[in-house]
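**Q** Have a look at this one before I ask anything.
The values are calculated or read from the model by the stated rules, or taken from the named source; none is laboratory data. On a predicted model such as this, the values are computed, not experimentally measured, just so you know. Just the protein is used for accessible areas: all its heavy atoms, side chains included, with ligands, DNA and RNA removed. Shrake-Rupley method; radii C 1.70, N 1.55, O 1.52, S 1.80 Å.
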Amino acid sequence: MVKQKIVIKVPMASDKSRAKAMALVAAAGGVDSVAIAGAGKDQVVVGGEGVDSIKLTSDLRKKMGDAQLVEVAEDKKEEKKPDPVADYIQYYYHYPPPVGVAYDPYSRPGSTCSIM
């Protein structure tokens, strides 16, 4: 499925009504992100995959009042792919620190002096 960007205009006069609208939209299936936009903070911007814009608008109409579907578009944000060279460096040039005591063949057992 393709990521969608849906813009719905909803009359929201207070912060309480904005929070109610955002909670209602966030509870819908397939929603990845929710934001408030517009000059008067009267637009809800929804991002996600497989979101039913008609059902979302009708749910907002039932709970909030007059809601208008403004825009449904494909989300054009490019996802950054990991750099294969960075992965190579991370896995092949990252050695863990040595663990334990190394055996010194020149030391005598029981000797505490390192010079002799």
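**Q** For region 4-47, compute the orientation-averaged projected area of the C-alpha convex hull (one quarter of its surface), in nm².
**A** That works out to 2.7 nm².
**Q** With every protein chain left in place, what is the accessible area of Lys41 in Å² (1.4 Å probe, nearest 10)?
**A** 110
**Q** While we're looking at this one, here's another question. Considering the alpha-carbon set of region 1-75 alone, what are its Rg and its Dmax in angstrom?
**A** 11.1, 35
**Q** If the cut-off is 24 Å between C-alpha atoms, which lysines fall inside it for Lys76, apart from same-chain ones fewer than 8 positions away?
**A** Lys3, Lys5, Lys9, Lys41, Lys55
**Q** On to the next question. Extension gain Lys76-Ala35, at 0.36 nm per residue separation less the Cα-Cα distance, in nm?
**A** Length gained, Lys76 through Ala35: 13.1 nm.
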